[in-house]
1. Would you mind ranking ASP163, ASP656 so that the residue whose beta carbon has the fewest other beta carbons within 10 Å leads the list?
2. Students often get this wrong: which residues of segment 598-617 have the backbone nitrogen under 20 Å from the point 7 angstrom along Cα-to-C-beta of GLU261?
3. Report the label-to-label distance for GLU710 and SER358 in nanometres (one decimal), using points 7 Å from each Cα along the Cα→Cβ vector.
4. Calculate the FRET efficiency for ASN395 and ASN105 from the Cβ-Cβ distance with a Förster distance of 30 Å, rounded to the nearest 0.05.
5. Could you state the number of Å between the C-alpha centres of segment 670-685 and segment 199-242?
6. Just grab the label-to-label distance for ASN181 and ALA623, each label 7 Å out from Cα along the Cβ direction, in nm (one decimal).
7. For LYS515, put the label point 7 Å out on the Cα→Cβ axis and report which residues of segment 381-413 keep their amide N under 16 Å from it.
8. Which value, in Å to one decimal place, does the Kirkwood hydrodynamic radius take for segment 67-165 when every pair of different Cα atoms is included?
Amino acid sequence: MMYKKIICIITLFSCSFKTFADEGMWLPQLLQTLNEKEMKKMGMKINASDIYNINKGSLKDAIVSLGGFCTAEVISNQGLLLTNHHCGFDAVQNHSSIENNYIQNGFWAYNKQQELQNPGLFVSFIISIDEVTNSILKDIKSSMTEKERQSIIDKNIAQLKKDHKKESYQDLIIKPFFEGNKYYLFVTETYKDIRLVGAPPSSIGNFGKDTDNWMWPRHTGDFSMFRIYADKDNKPAAYSPNNVPYTPKRSLNISLKGMKEGDFTMVFGFPGKTNEYLSGSAIEQIMKVNDPTKINIRHEVLDIMKSFMVKDEATKIQYAAKYANIENAYKKWQGEVLGLTRSDALQKKASYEKLFSSKIKSNPAWESQYGRILQDLSNEYKNIEPYALARDYYNEIMPRIEIFNTASVLNTLLQSYSKDIETKNDSKGKSLAKLEDIFKEYNPALDQQLFEKLMMIYVNNQSADNISPLLKQWLTTKDIHAIANDIYTSSVMTTLENIKGIVKNEPNTTIDLIKNDNLFKLYTDITETYNTQVASPLSMLQTNINKLQRNYMQAQLDVFKNKNFYPDANSTLRVTYGNVKGYQPRDGMKYHFYTYMDGIMEKYKAGDYEFDVPQKLIDLYKAKDFGRYGVNGRQPVCFIASNHTTGGNSGSPALDAYGNLVGLNFDRVWEGTMSDLNYNPEICRNVMVDIRYVLFIVDKYAEAKNLIAEMKIVE
């Protein structure tokens, strides 16, 4: 029996701390030390120095953070950028109108004069990455409070930024890793003149829409194109008609070879956020409390939006980006709960923590330092649960009701009125600009329905202590429909014209008109109730959890010395790698790793919101007119691999063993969306559009030969 017990412990140990070959979001400057041998064993033909190098052009110099929310890559020596359609969608929407509906019809610039300016859009290159942990954590003591600790860290960051040499056009970013146990400094260059070059119609770029989102098989041409412009010296500059196309240090070569099962592939980009090292108590709360709450609220929001969008084209254009954004996380959370459940994530965490605890007990120093950490985390998650639930209600409900967003902007404006004239005028201009954007995408009837539905969820589904006293008072004499009618018909803040009239008054009159408005009264009462009853205790509890999680992360690093830990994603440049392969999400179901245009035609429904396609695409398919992008009479569309990706990796290049561009990352399979919390190599797959389908659309469908001519294509 003792022999069997020892064998079980050894087996548990080897399984628990193993990092799967496909798992991980690795810092590129550490690949040579940590990953190069494994990557080559898996099939990579280039060296780590070809991926990241500060002395000569490398693959990193072709990868950019797009707007801080997506990834893009340079694909020509004239600064041509490739990213996802959904990453460029807001720009396409902003240029669209009933007369020029680029969402519906697509947009293509056949010369540089036709390219469209996008104020506010930027791209950032990473110039170098260096560890600065010792400098940032200098003078930190374990006895410090979190506030004291952060104060010293902030001072050290400020000093390091002051001392570190950089060019005038460069920026410095210092970010924490491993829950604040390590720090890295990034030197960046940001270009702010980014112009729209091309985007297919939404029926291609978002084919399958809600039904296919997060699903496999996919048949979506999820891409768009932009161009970086620079000054005459190739340096960052604000928009100017005198700017010229950017000349990159490196652009990606494009391969038409395609991928076979088992082929090595890597994804290079800026993944947003993961939490791979949480305790089981944290995962359980996400699975059973937080995700279900957010899913239920978004379900109601999407139903109301869709009921209006299908009836009116103008509303459909107004709300298209908002709908897509809300639906994206809604479906992701559903898949996350499903994946965590089916992969038995809680049991795996329990086994890992059992092993962790046994290792801790074997070492007196570890026992003294880390012995209670898992129990303390469990206790704190129990304490924070009701406040976390209230937070989710507030954060999911308030931003979905546009009149509350209007009230929020006006509240910021009022706060500026106590400051100097210059600040007031600047704030007024910024506020009016924000309100212009809000009212461009505002339908009063739709918004009123959202108000009625979400306010009842807010009232009925949480503790009475967390509910606005003013709203409770109103509900004693009126129902929610009557309250909504009063607000939407009488508030001076439901039209842009009224608001412009208000802010023209002298400050005291403006303040009185805003503060006496029932909409503003309700907004401030809900907000103040949340801040007092929820945000304050939540912040204290979260501070405790953050400290415990940082210590738990350090404990894992100390205890499992033989494991190569990768840091959680935090919107910094990462490399992930794996192999092309299908998967089996459940019993009796097995998915192939490639899709073709045949599948588009099988899904095609004329006039359908999700599965209609342009006649020209149908004609090209029927004629088998795929040019050099087809294979044996078929046009590849999408493929999957085991690369570990997340949000922010949208638009990331999929590269082959030689570093050539073979695809464009845009999604994950539904069952594997829990990879942000619990990577499972059996079902976690990233979804990529094949570069040959991208080029087919640009060349044969859009006939944008000018763009094809820019690219370096490897046959």
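1. ASP163, ASP656
2. 598-599
3. Result for the modelled spin labels: 5.8 nm.
4. Details: r = 36 Å, r/R0 = 1.20.
According to the calculation, E is roughly 0.25.
5. If you average the Cα positions of each part, the centres end up 26 Å apart.
6. Using points 7 Å along Cα→Cβ, the separation is 6.1 nm.
7. 410-413
8. 18.0
No lab work stands behind these numbers, since they all come straight from the coordinates. Every value quoted in this text rests on a predicted model; they were computed, and no experiment measured them. Note that we place each Cβ from the backbone using ideal geometry, even for glycine, and neighbour counts take in every protein chain shown.
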